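The values are calculated or read from the model by the stated rules, or taken from the named source; none is laboratory data. All of these numbers come straight from a predicted model, not from anything done at the bench. Neighbour counts are summed over all protein chains in view; Cβ atoms, including those assigned to glycine, are modelled from backbone coordinates with ideal geometry. Side chains are part of the model used for accessible areas, which takes the heavy atoms of the whole protein and leaves out ligands, DNA and RNA. Shrake-Rupley method; radii C 1.70, N 1.55, O 1.52, S 1.80 Å.
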Amino acid sequence: MKALVYHGPGRRAWEEVPKPELQAATDAIVRVDAVTICGTDLHILKGDVPEV
């Protein structure tokens with residue numbers, strides 16, 4: 001499946017990754033239908049939050 005993979009500030013890419021699998025009885029796989037972005041997300045992508 002395709003996923004947007006974050007590799008660090010300014011470095012992200014659409015990559016082929018393994019399909020998620022449940023590994024423990026308490027795990028869940030969630031399908032995201034809609035998203036939004038906030039200013040904090042933009043700061044993370046730019047690299048302004050180095051601990052991420």
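General remarks:
- In this Cβ point-charge picture (+1 for Lys and Arg, -1 for Asp and Glu), the chain has a dipole of about 160 debye about its Cα centre.
- The fraction of accessible area contributed by carbon and sulfur in the chain is 58 percent, rounded to a whole number (1.4 Å probe; ligands and nucleic acids excluded).
- Residue separation of Val17 and Ala34 scaled by 0.36 nm, minus their Cα-Cα distance, works out to 4.1 nm of gained length.
- Hz values of 3J(HN,Hα) by residue in the stretch 33-50 - Karplus curve (6.51, -1.76, 1.60), Gly and Pro given as x: 9, 8, 9, 9, 10, 10, x, 5, 4, 5, 5, 4, 4, 6, x, 6, 10, x
- The stretch 1-50: trypsin sites (Lys or Arg not before Pro) in DSSP loop, at most 15 other beta carbons within 10 Å: Arg11, Arg31
- Globularity index of the chain is 1.40 (Cα radius of gyration / 2.2 N^0.38 Å, N = number of residues).
- Toward the positive end of the charge dipole of the chain, with +1 on the Cβ of Lys and Arg and -1 on the Cβ of Asp and Glu, the farthest Cα among Gly10, Val32, Pro50 is that of Gly10.
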